[in-house]
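Colleague: Quick one: the structure is below, questions incoming.
Laboratory data are not the source of any read-out in this text; all were calculated from the coordinates shown. Quantities reported herein were computed from a predicted structural model and do not represent experimental measurements. With ideal geometry, Cβ positions are generated from the backbone for all residues, glycine too; neighbour counts draw on all protein chains shown.
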Amino acid sequence: MASILFYILGFVMLAAILLCVTCRNPVYAVIYLVKALFALALLFYLLGAPLVAAWQVIVYVGAIMVLFLFIIMILELAPRERPEDLNRRRWVPGLLVASAILGCTLLIIFQDPDAAAQGSAYFLGPRDFGAALFGRYALAVEVVSFQLLFAAVGAYYLGRYRPRRRGGEDLP
Amino acid sequence: MIVPLAHVLALAAAVFVLGLACAVMRRQLIMILIGVEIMLNAAALVMVGASAYWQQADGQVMVVLLMAVTASEVAVALAMVFYLRHRQGTIEADRFDRMQG
């Protein structure tokens, strides 16, 4: 059962990524990528990584993709749409992908909630995961936290307010 | 392991190639960054698959570190997009073809 779900979700993720890559409008591309990441989170769960699946949704979808949407909307990169472009047929691929993901999620929830804990397949709980992350890999966590700090400083430096010169060229 | 490791690797390879095609063929900087994101997620899928195959936690730890690295990369890259748009008025990658100094 889990292997069938794996293949279905794999195809759904490939379809969503294909739609994302071929989309002309960046907002739609980001939304299709969000759907692909949901499918990928379910794949992580099926492969025995529930905590990574949760963080995939929280960090990737909740933070990184929303940052993409922020930038697209701040810079007004999406092409302007006329009302006659919004016909019904454009709903179909998105609706298919979303319903497939929802169906797989419900199957996982209702099929056997305890199967993961019974140890038939590999399943890494939060306790063992935290022991590995903060035990053996504590130095890597420190390095990555430094890198996040540097990235925040760098992003602030690049995005700081610059008054424009009269010739249109920015002040350094 | 619910599926053979080769199938996980094949799926990740397909996703990676799609992301690579997106990064190479699209001209908007935003779509190039989205292609990079797709490739990083393919790498994460390989790591989780390897973690399930060898029954070790190392792959999943690596995925979490990869998420932090991706977050910092996206923050800097999007700030760069913002800066370039402010400076040149466009984000078409073909326009940024000369260096100064």
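Colleague: Among the residues in the range B:38-58, are any free of Cβ contacts under 8 Å to residues at least 12 places away in the same chain, facing chain A (nearest Cβ under 7 Å) and farther than 22 Å from A:Val59 by Cα?
Modeller: Within the range B:38-58, one or more residues are free of Cβ contacts under 8 Å to residues at least 12 places away in the same chain, facing chain A (nearest Cβ under 7 Å) and farther than 22 Å from A:Val59 by Cα.
Colleague: Restricting the search to the range B:59-101, which residues are under 30 Å from A:Gly125 (Cβ atoms) and of a type outside the set (Val, Ile, Thr)?
Modeller: Across the range B:59-101, the qualifying residues are B:Gly59, B:Gln60, B:Met62, B:Leu65, B:Leu66, B:Met67, B:Ala68, B:Ala71, B:Ser72, B:Glu73.
Colleague: Within the range A:1-19, which residues are without any contact (Cβ under 8 Å) to a residue 24 or more places away in the chain, facing another protein chain (nearest Cβ under 7 Å) and under 16 Å from B:Asn41 (Cα atoms)?
Modeller: The answer is A:Leu14, A:Ile17, A:Leu18.
Colleague: Also, I was wondering about something else. Look at A:Ala36 and say whether it is among the aliphatic types (A, V, I, L, M), within 30 Å of A:Phe123 (Cα to Cα) and touching a helix residue (DSSP H, G or I) at 6+ places or on another chain (Cβ under 9 Å). Write out each step before concluding.
Modeller: Values: among the aliphatic types (A, V, I, L, M): yes; within 30 Å of A:Phe123 (Cα to Cα): yes; touching a helix residue (DSSP H, G or I) at 6+ places or on another chain (Cβ under 9 Å): yes.
Yes; evaluated as a whole, the condition is true for this residue.
Colleague: If you check B:Arg95 against the conditions, is it more than 7 Å from every other protein chain (Cβ to nearest Cβ) and either more than 30 Å from A:Pro50 (Cβ to Cβ) or not aromatic (Phe, Trp, Tyr) (or both)?
Modeller: In short, yes.
Colleague: Among the residues of the range A:53-81 satisfying the criterion of being facing another protein chain (nearest Cβ under 7 Å), without any contact (Cβ under 8 Å) to a residue 12 or more places away in the chain and not aromatic (Phe, Trp, Tyr), which is surrounded by the most Cβ atoms within 10 Å (Cβ to Cβ)?
Modeller: Ranking the candidates gives A:Ile71 first.
Colleague: What's the number of the condition A:Ile58 fails, among (1) more than 30 Å from A:Arg82 (Cα to Cα); (2) touching a helix residue (DSSP H, G or I) at 6+ places or on another chain (Cβ under 9 Å)?
Modeller: The number of the failed condition is (2).
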